[in-house]
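Scroll down for the structure; my scribbles are underneath it.
Here, each number is a calculation from the coordinates, and none is a lab measurement. This is a predicted model, so every value here is computed, not measured. We place every Cβ from the backbone using ideal geometry, glycine too, and count neighbours over all the protein chains shown.
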Amino acid sequence: MLTCSKDRVQNKIETFAKFGDAGHGGITRFCFSPEDLQAREEFVKRMKAVGVETVTDDMGNMYATLPGTEEGLPRIVMASHTDSVRNGGNYDGILGVITAMEVVETIATEKIPHKHPITAMVWTNEEGSLYPPAMMSSGVVCGKFDKAKMLASKSSEGKTFGEALKQSGYVGDEANRLNPKDYMAMLELHIEQGPVLEAEKKEIGVVEGVVGMVNYRIRTYGQSDHAGTTPMPYRRDALLAAASALKYLHAELDKLDSNLVYTTGEILCHPCIHTVIPDLVDFSIDARHKDPEVIKQVVEVIKNMPKEFDKCEVKYEEAWARNTIDFDKELVDLVQKSADAYGYSSKRMYSGAGHDAQYVADMMPTTMFFVPSKDGHSHCEPEFTSVEECWKGINVVLQTVLEIDKK
């Protein structure tokens with residue numbers, strides 16, 4: 001079986017970890033920050049070193065294509081992102097880029113025969129850390145987001161994504177965009193970002209799709225009064241009501257499917273002064289499951305919750321939602337076949353996190369590969385996957401690319 005270079009994989013991981021090194025084992029590398037531009041320059045340099053030139057599209061997405069031996073055949077693309085969340089890890093996103101680079105480098109340096117052109121790609125602004133939303137550029141390319149609105153997205157400091165894109169030097173031709181005519185399949189390797197593969201001692205996650213989800217805002221309305229002079233029976237405390245609403249939601253959602261996961265990750269309290277009773281609390285509820293019927297049940301729980309808690313009015317509003325995405329079955333089976341060929345243990349699974357691949361799946365045959373995350377950590381500095389585990393995942397991608405090339 002053909003394999004990639006473990007030493008090269010380690011070198012790539014260590015090199016990219018320097019760009020945005022936060023000093024505690026992780027990185028902060030926002031889209032088009034100086035650190036992200038360093039990572040992009042490294043991508044261009046390394047691809048050029050193996051004889052592959054890089055072009056960009058109008059959203060700054062990068063494409064480095066190794067030609068095939070037969071003219072006119074569509075490309076096979078491997079893609080992920082270079083940007084990170086604040087104080088993120090050295091594997092989320094960038095490992096998929098390293099994978100794409102290493103597969104292209106292996107095929108080029110080992111002169112492995114291939115008919116189709118093979119592309120290593122970098123998606124712009126997947127995290128949306130400075131310029132929301134997440135998966136911005138894949139959303140634009142795949143027709144999910146309006147480009148003008150995305151260019152107008154602002155950072156907390158008031159700079160627009162469009163301004164950052166223009167200043168980056170990576171604005172290219174819209175004709176270079178990923179598209180179903182010039183490309184036949186997209187592959188994305190990613191760390192699992194969860195504990196399952198490690199816990200079950202599996203080396204490869206064969207990803208069948210991305211679970212559906214809903215995100216709601218729940219708001220409780222009370223009355224601000226002085227914290228020292230208002231007797232308890234007279235209070236309408238919006239924060240107390242929010243706590244009651246949250247406890248209610250947990251109790252009801254726990255009655256649904258055991259594979260349902262849900263989270264309140266953001267709470268806004270007004271006026272947020274320690275001497276004032278809160279008059280408004282706004283919190284998120286994010287629920288995810290691959291079965292759309294379970295997601296419908298979640299929505300029913302939210303819609304049927306009491307309209308009042310602790311003398312405070314309760315309202316809800318859908319923030320956004322996505323349907324479950326199923327990846328191309330033939331590609332998923334090829335991933336399984338490739339993992340089996342190396343003798344690697346594997347598990348079929350769905351991703352609970354969103355990825356650029358989920359948007360591309362509506363455009364062309366797409367699938368993903370997972371490698372284990374130590375202790376399930378991700379989006380934080382302890383995020384870690386061993387070089388051995390990364391190398392095995394990249395080998396499976398290499399073999400899958402070569403299987404697709406036979407078509």
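The three principal axes of the Cα atoms in the stretch 15-124 give end-to-end lengths of 46, 30, 19 Å, sorted in falling order.
Adding -39500 (n - 2.57) for every DSSP H run of four residues or longer, then dividing by how many residues the chain holds, sets the calculated 222 nm ellipticity at -10000 deg cm²/dmol. Pairs of Cα atoms in the stretch 88-194 fall into 10 Å distance bins, from 0 up to the last occupied one, in shares of 12, 37, 35, 14, 2 percent.
Thinking of the chain as a set of Cα atoms, what percent of all their pairs are more than 40 Å apart? Numbers along the way, then the final one.
Numbers: 17785 of 82621 pairs.
In whole percent, the share of Cα-Cα pairs in the chain beyond 40 Å is 22.
Springs join every pair of Cα atoms under 10 Å in this Gaussian network model of the chain, and among Thr264, Thr106, Thr366 the largest mean-square fluctuation is at Thr264. In the stretch 38-178, a dipole from Cβ-located charges (positive for Lys and Arg, negative for Asp and Glu) runs towards its positive end, and of Gly162, Thr69, Phe43 it is Gly162 whose Cα lies farthest in that direction.
Percent relative contact order of the chain, based on C-alpha pairs within less than 8 angstrom and at least six residues apart? Contact order relative to length: 23 percent.
By the Kirkwood approach, averaging reciprocal distances over each pair of separate Cα atoms, the stretch 271-369 gets a hydrodynamic radius of 17.6 Å.
Pairs from the table (Lys154/Lys290; Lys144/Lys181; Lys181/Lys290) lying more than 22 angstrom apart at Cα are Lys154/Lys290; Lys181/Lys290. Looking at the chain, which longest stretch skips every one of the GluC sites (Glu not before Pro) that is in a DSSP loop with at most 15 other Cβ atoms within 10 Å, leaving the sites themselves out? The reported range is 267-407.
In summary, the lysines within cross-link reach of Lys296, defined as a Cα separation below 21 angstrom excluding same-chain residues under 8 places away, comprise Lys247, Lys255, Lys307, Lys315.
Can you give the net charge of the other residues whose Cβ lies under 15 Å from the Cβ of Asp257, counting K and R as +1 and D and E as -1? Local net charge: -1. Eigen-decomposition of the gyration tensor built on the alpha-carbon atoms of the stretch 245-291 gives equivalent ellipsoid semi-axes of 29, 11, 6 angstrom, largest listed first. Of interest is the spacing of the C-alpha centroids, which for the stretch 205-275 and the stretch 28-95 amounts to 40 Å. Using only alpha carbons, the stretch 212-322 has a radius of gyration to Kirkwood radius ratio (Rg to Rh) of 1.04.
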